[in-house]
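The values are calculated or read from the model by the stated rules, or taken from the named source; none is laboratory data. The structure presented is a predicted model; accordingly, all values stated were derived computationally and were not measured. Note that each Cβ is placed from the backbone with ideal geometry, even for glycine, and that neighbours are counted across all protein chains shown.
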Amino acid sequence: MTLVRAALASTRLRILVALGLLYLAWQAWLVIAAPAKIADGFPDRARVNALITLPFPPERFHIQLFQRHGRVSGTDGNTVELRGIARGDLTAIARLYWVRRIEPLREGAS
């Protein structure tokens, strides 16, 4: 019992617990916020094409990360065209805190 009291009195343990709780809260927020970033109107197919909007112009890091999920076919300002995304990957992409919006890429778009 004294070991538990000593552990609870430890400033280091309190800091670790607080950091752990902050991390869990951050992950929960990402999970909750992700579906709201995905627009309606995606076709009912296994693979879809999307426009991914960021709050800034994408850099090499962002393009390479998106290429793990599909083919990057271009950028326009803060928007990335990503083709051939597995439908399940839309939520994984939306969980990235720097992704603002994911919309379907209309057929015939460049």
### Query
Taking the range 75-90 only, how many residues are over 12 Å from Ala50 (Cβ atoms) and either surrounded by 13 or more Cβ atoms within 10 Å (Cβ to Cβ) or hydroxyl-bearing (Ser, Thr, Tyr) (or both)?
2
### Task
Considering each residue of the range 3-24, count those that are surrounded by 10 or more Cβ atoms within 10 Å (Cβ to Cβ) and part of a helix (DSSP H, G or I), and give that number.
15
#### Entry: Condition met for Arg101 (in contact with a helix residue (DSSP H, G or I) (Cβ under 7 Å, 6 or more places away or on another chain) and of a type in the set (Lys, Arg))
yes
### Query
Does Thr2 meet the test of being of a type in the set (S, T, N, Q) and modelled with pLDDT of 90 or more?
no
### Query
Among all residue pairs at least 6 apart or on different chains, which show Cβ distances below 8 Å where the first residue, located in the range 13-32, is closer than 19 Å to Tyr97 by Cα and touching a residue at least 24 places away in the same chain (Cβ under 8 Å) and the second is of a type in the set (Lys, Arg) and surrounded by 11 or more Cβ atoms within 10 Å (Cβ to Cβ)?
Leu30/Arg95; Val31/Arg95
### Query
Do we find that Val72 is without any contact (Cβ under 8 Å) to a residue 12 or more places away in the chain and either within 17 Å of the chain's Cα centre (by Cα) or outside the structural domain of Ala28 (by the TED database) (or both) in this structure?
yes
### Hey, Ala94 surrounded by 16 or more Cβ atoms within 10 Å (Cβ to Cβ) and small (Gly, Ala, Ser) or not
yes
### Message
For the range 32-45, give me each residue that is exposed (fewer than 12 other Cβ atoms within 10 Å of the Cβ) and more than 16 Å from Leu105 (Cβ to Cβ).
### Response
Ile32, Pro35, Ala36
### Query
In the range 42-64, what residues are within 14 Å of Ile102 (Cβ to Cβ) and at pLDDT 95 or above?
Val48, Asn49, Ala50, Leu51, Ile52, Thr53, Leu54, Pro55, Pro58, His62
### Task
Answer yes if at least one residue in the range 2-23 is in contact with a strand residue (DSSP E or B) (Cβ under 7 Å, 6 or more places away or on another chain) and not aromatic (Phe, Trp, Tyr), and no otherwise.
no
### Task
Need at least 2 residues that are among the hydroxyl-bearing types (Ser, Thr, Tyr) per element, so show me which strands (runs of 3 or more DSSP E) inside the range 25-110 make the cut, counting only ones lying wholly within it.
71-76
#### Entry: Residue satisfying all of: in the range 1-59; in contact with a helix residue (DSSP H, G or I) (Cβ under 6 Å, 6 or more places away or on another chain) and among the small types (Gly, Ala, Ser); farthest from Thr79 (Cα to Cα) among these
Ala7
